[in-house]
There are 2 protein chains.
Amino acid sequence: MAKALFVVLDGLGDRGAKTPLSEAKTPNLDKLTPSASLGLMYTLGPGQIPGSDTAHLALFGYDPHKYYPGRGPFEALGAGMELRTGDVSFRVNLCTLDEKGTIVDRRAGRAAYGLDKIFQTLDGTKIGDVTVRMVHTVEHRGAGVLSGPGLSAAVSNTDPHETGQPVAEAKPLDSSAEARKTAKALNDFTAKARELLADHPVNLERKEKGLKPANMAVLRGPGLYQQVPSLVDRFGLKAVCVAGGALYKGVASYVGMKVLDVAGATGTTETDLKAKAQAAVKARDEADLIFVHIKGTDAGGHDGNFEVKRKMIERVDAEFLPGVLGQFDVVVLTGDHSTPVAAKRHTADAPPVLFWSETCRPDGAKRFTELAAGHGCLGQFTGTELMHFILDYIDKGHMFGE
Amino acid sequence: MAKALFVVLDGLGDRGAKTPLSEAKTPNLDKLTPSASLGLMYTLGPGQIPGSDTAHLALFGYDPHKYYPGRGPFEALGAGMELRTGDVSFRVNLCTLDEKGTIVDRRAGRAAYGLDKIFQTLDGTKIGDVTVRMVHTVEHRGAGVLSGPGLSAAVSNTDPHETGQPVAEAKPLDSSAEARKTAKALNDFTAKARELLADHPVNLERKEKGLKPANMAVLRGPGLYQQVPSLVDRFGLKAVCVAGGALYKGVASYVGMKVLDVAGATGTTETDLKAKAQAAVKARDEADLIFVHIKGTDAGGHDGNFEVKRKMIERVDAEFLPGVLGQFDVVVLTGDHSTPVAAKRHTADAPPVLFWSETCRPDGAKRFTELAAGHGCLGQFTGTELMHFILDYIDKGHMFGE
């Protein structure tokens, strides 16, 4: 059975004559490139700016216009929470209120001390027939899930996204009873959280240590979970995910990938790339496709730091590729979107795609760059189409007609 | 009036650095190539694997997601049968049952002796108000049509697709009365066919000759015929078809092409290519577009035989092109899909397209190859879009807006 390696360097694509990719020293990639097919992927379609979540849905072959549930469910799944159809999930920030209830720090001073316990206190809160589940993820962040009958994701955030404001009142965004009920549950939760956290032992300890109290949890990015057909259901594809970032694990989990825990995979520029390569190679025994997500390139883009992005690409070449090249029948390397250093945000520029197999049509390019990919023999395609190229090359494609 | 020649080398596209197309000696094509525009055609869209039937619908400008009726009607039309809206058509195999009713040979030993008469015996069978029509095509194969009120194509095959099984029971695939009626008619036909063929004179003769009896007909690929708007209706395009294979004649007939009978056009690697060229040139008087289908390239791909595929391309260059080049205002040469030698099946790899007219944008490529097409100035497009390029160059296009 043919095995595919699908490597996504987050935000890989860039703009300009010299890009982090074009300027990176990548001797291992340079050996592979001439025998690969190149192309350009407009992840969601030409001119569309992908979010990280929608981009990955598309990369996994799921049209986000059909399958995107909002961000919350991915955060919850990525945090290892179990979701059932009808659950409404959120991203959660712990923050600091003053005595008047005004948010004075949206991140509780970015001090992580004791925040696990704060989330544990909030977890299990009952609001009528609605149960609130919460888990801590990183820093001041967590994921939250409302479970109960008749809930809706058509509600506004309780996170006002700025300081100097009180916690925002959740409002129903449509006229349904479900939206009204969910908004009321969120506002009741805000009141309960204030009670539960005001004199919380952790906050007393934080006060003693000169840290800001984490005395409120604000929610954003609601999403209604519905189970979708898995990659196995749709394509007969067994896939595993090697990633550090929770979001990517969440999207992978949503489409039915097995998510591996890889020690040292952090989702930062410090991630252990050799460990990821080893995990990917080992996972061949249990899967048709191994998805590897590497986040650091995106961080360089968002920070406008050319060197960070370039060096991350060089690290991938030096520390990741040697462990995986020669171990797979199909190797695909791309980004989920572009995060150009000059833009410091996601853009609609198409990320370049390198598609290699022993039998592919080799473009003969010397270097894998945005420009070479723009002239590549695969042409232009979308994220969901890329997955179908991969499926075809590992004999998992479906013929329409006879 | 401008005349277009549209030549499809079945399964032309291939994979790898050296392909049958790139390695074929094609001096005539090489003279045309530099003055042609090249491009890549994802027949049904990037990543989609086309069947032969859906691919040709797309090439003729008919979106198969809208117009594909299943395989059966094309087989019946290709066999020269007339279809009316509501008819349900099938591919038919004559096979051999043992005395217990188990299929012991799905092809009746591949011996054609007397099979015309077997099909004639089955033709005209009445099942209540349903009439079964059948014709012999090639080898052990034929086409069958059920006509009558209230029929449906939502039925399973009676062909079990393997030996050691009895004839499969046709089952309704939805809960409609039409599907139930059609399934019952098929099962009644199975019983009648057994009676009609058990002691058929041809089978007695076959027995004497040591041949396996053709004592059952199994059906597959049901399709409900509905008349679709013709090429004349949609585009004002008069087209003729020069093909050997019945399927291609069937799709051509479905869209309203006039199907020529060309002596020596066999749909095999032995087909008479000079006769096809002559027929194409002669047909200019009665049509705007002449579609020529050449099958042998696909056979090489399916057999994994590089040399068969390469030589077929060389035969097209030596025996077909000299007769047609210089005789048409537009010449388009492509495949319907790729059948790479390494894959031995249809794949999603885009077939290359050569598009020539006196006034086209010449790419200046030295050779027509998959790679050159991937870098061609026409870019990438789908099968239905290619037909619109052709329509435009022969002044049959339709402007949207003013």
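The values are calculated or read from the model by the stated rules, or taken from the named source; none is laboratory data. A quick note: this is a predicted structure, and the numbers were derived from the prediction, not measured. Virtual Cβ from ideal backbone geometry, glycine too; neighbours counted across all protein chains shown. Heavy atoms of the whole protein, side chains included, go into the accessibility calculation; ligands, DNA and RNA do not. Shrake-Rupley method; radii C 1.70, N 1.55, O 1.52, S 1.80 Å.
Summary of values
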| read-out | value |
| --- | --- |
| Members of region A:377-394 that are among the polar types (S, T, N, Q) and facing chain B (nearest Cβ under 7 Å) | A:Gln380 |
| Given (1) within 26 Å of the chain's Cα centre (by Cα); (2) in contact (Cβ under 8 Å) with a residue 60 or more places away in the chain; (3) open to solvent by 70 Å² or more (accessible area, probe 1.4 Å), index of the condition B:Glu162 fails | (2) |
| Scan of region B:165-180 for residues that are open to solvent by 40 Å² or more (accessible area, probe 1.4 Å) and either touching a strand residue (DSSP E or B) at 6+ places or on another chain (Cβ under 8 Å) or modelled with pLDDT under 95 (or both), ordered by number | B:Gln165, B:Pro166, B:Lys171, B:Pro172, B:Leu173, B:Arg180 |
| Candidates A:Gly335, A:Gly374, A:Gly397 - the one that is within 27 Å of the chain's Cα centre (by Cα), within 12 Å of chain B (Cβ to nearest Cβ) and touching a residue at least 12 places away in the same chain (Cβ under 8 Å) | A:Gly374 |
| Residue list for region B:21-46, restricted to those being at the interface with chain A (Cβ under 10 Å from one of its Cβ atoms) and over 16 Å from B:Glu370 (Cβ atoms) | B:Leu44, B:Gly45 |
| Meets criteria (closer than 20 Å to A:Ile313 by Cβ, over 20 Å from the mean Cα position of the chain (by Cα) and away from chain B (no Cβ under 11 Å)) for A:Thr347 | no |
| Number of the condition not met by A:His65 [criteria: (1) free of Cβ contacts under 8 Å to residues at least 40 places away in the same chain; (2) over 20 Å from the mean Cα position of the chain (by Cα)] | (2) |
| Residues of region A:138-147 that turn out to be in contact with a Lys or Arg (Cβ under 9 Å, 6 or more places away or on another chain), part of a loop (DSSP other than H, G, I, E, B) and touching a residue at least 40 places away in the same chain (Cβ under 8 Å), as a count | 1 |
| Residue in region B:108-126 that is touching a residue at least 40 places away in the same chain (Cβ under 8 Å) and among the acidic types (Asp, Glu) present | no |
| Residue in region A:44-64 that is in the same structural domain as A:Leu197 (by TED's automatic domain parsing) and of a type in the set (Asp, Glu) present | no |
| Matching strands (runs of 3 or more DSSP E) fully within region A:1-119 where at least 2 residues are buried (at least 21 other Cβ atoms within 10 Å of the Cβ) | A:4-9, A:37-42, A:88-97 |
| Helices (runs of 4 or more DSSP H) contained entirely in region A:200-266, each with at least 1 residues that are at pLDDT below 95, more than 21 Å from A:Ala79 (Cα to Cα) and among the charged types (D, E, K, R) | A:201-208 |
| Only one of B:Asp285, B:Asp261 that is surrounded by fewer than 17 Cβ atoms within 10 Å (Cβ to Cβ), among the charged types (D, E, K, R) and over 16 Å from the mean Cα position of the chain (by Cα) | B:Asp285 |
| Subset of region A:152-184 (residues that are touching a Pro at 6+ places or on another chain (Cβ under 9 Å) and not in a loop (DSSP other than H, G, I, E, B)) | A:Val155, A:Pro166, A:Glu178, A:Ala179, A:Arg180, A:Lys181, A:Thr182, A:Ala183, A:Lys184 |
| Sole residue being within 17 Å of A:Met387 (Cα to Cα) and open to solvent by less than 10 Å² (accessible area, probe 1.4 Å), chosen from A:Leu219, A:Leu237 | A:Leu237 |
| B:Phe328 being more than 27 Å from A:Phe381 (Cα to Cα), within 14 Å of chain A (Cβ to nearest Cβ) and more than 21 Å from the chain's Cα centre (by Cα) | no |
